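The values are calculated or read from the model by the stated rules, or taken from the named source; none is laboratory data. Since we're looking at a predicted model, the values are computed, not measured. Using ideal geometry, Cβ is built from the backbone for each residue, glycine included, and neighbour counts are taken over all protein chains shown. These accessible areas exclude ligands, DNA and RNA; they are computed on the full protein's heavy atoms, side chains included. Shrake-Rupley method; radii C 1.70, N 1.55, O 1.52, S 1.80 Å.
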Amino acid sequence: WVRIVMQAENPAILLYNHKDDKDAFQELPLQAAYSLSDISHQVFDQYAKVFTIKLQYIFYKERAGIRPGQVTKMQKLTDKIGFLAKAVEDADYKGVKEFASDMKKLGVPLEHAPQISELLKLASTSF
């Protein structure tokens with residue numbers, strides 16, 4: 001750990017090496033996607049602990065997810081692929097439409113998984 005001085009100035013966080021410094025060694029502009037973590041404690045040395053807080057950048061990544069019970073429905077649809085091939089071959093519009101309707105009912109949900117990057121971690125010996 002290194003002792004620094006932090007100043008929150010709209011719309012940025014400024015970090016200084018000493019209280020009397022004029023120029024910040026690090027300037028972090030604040031954005032809407034940033035979040036502060038909960039205060040937690042961490043071992044500092046054999047006798048003490050420090051209380052930490054993190055400034056994090058959070059963005060959400062979409063990925064397809066499968067709900068329980070969808071696997072059996074998918075298996076039923078794979079059994080119908082032969083039916084679809086025959087409907088396409090025979091130019092059976094009704095058969096193709098029926099298969100497409102079954103696919104639509106199945107649906108593929110999207111999960112929004114958070115991706116978290118730690119930008120800054122600050123600590124203090126007092127809560």
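Taking all protein chains as they are arranged and a probe of 1.4 Å, the heavy atoms of TYR34 leave approximately 50 Å² accessible to solvent. Scalar couplings 3J(HN,Hα) for the range 7-12, obtained by applying the Karplus form with A = 6.51, B = -1.76, C = 1.60 to θ = phi - 60°, are 10, 8, 10, 5, x, 8 Hz; x denotes Gly and Pro. Kirkwood-type hydrodynamic radius, the chain: 20.1 Å, calculated from all non-identical alpha-carbon pairs. Using a Förster distance of 41 angstrom, determine the FRET efficiency expected from the C-beta separation of TYR16 and LYS61, and round it to 0.05. Plugging the Cβ-Cβ distance into 1/(1 + (r/R0)^6) gives 0.70.
Sorting SER101, SER37 by solvent-accessible area of protein heavy atoms yields SER101, SER37, largest first, with a 1.4 Å probe.
Counted residue by residue at 0.36 nm each, then reduced by the alpha carbon distance between them, the extension gain from THR72 to PHE44 reaches 4.8 nm. When trypsin sites (Lys or Arg not before Pro) are flagged only if DSSP places them in a loop and at most 14 other Cβ atoms lie within 10 Å, the longest unflagged stretch of the chain comes out as 23-127. Solvent exposure of LEU77, expressed as accessible area, is near 20 Å², computed with a probe of 1.4 Å over the protein chains only. Heavy-atom accessible area for GLU111, with the other protein chains in place and a 1.4 Å probe, reaches approximately 90 Å².
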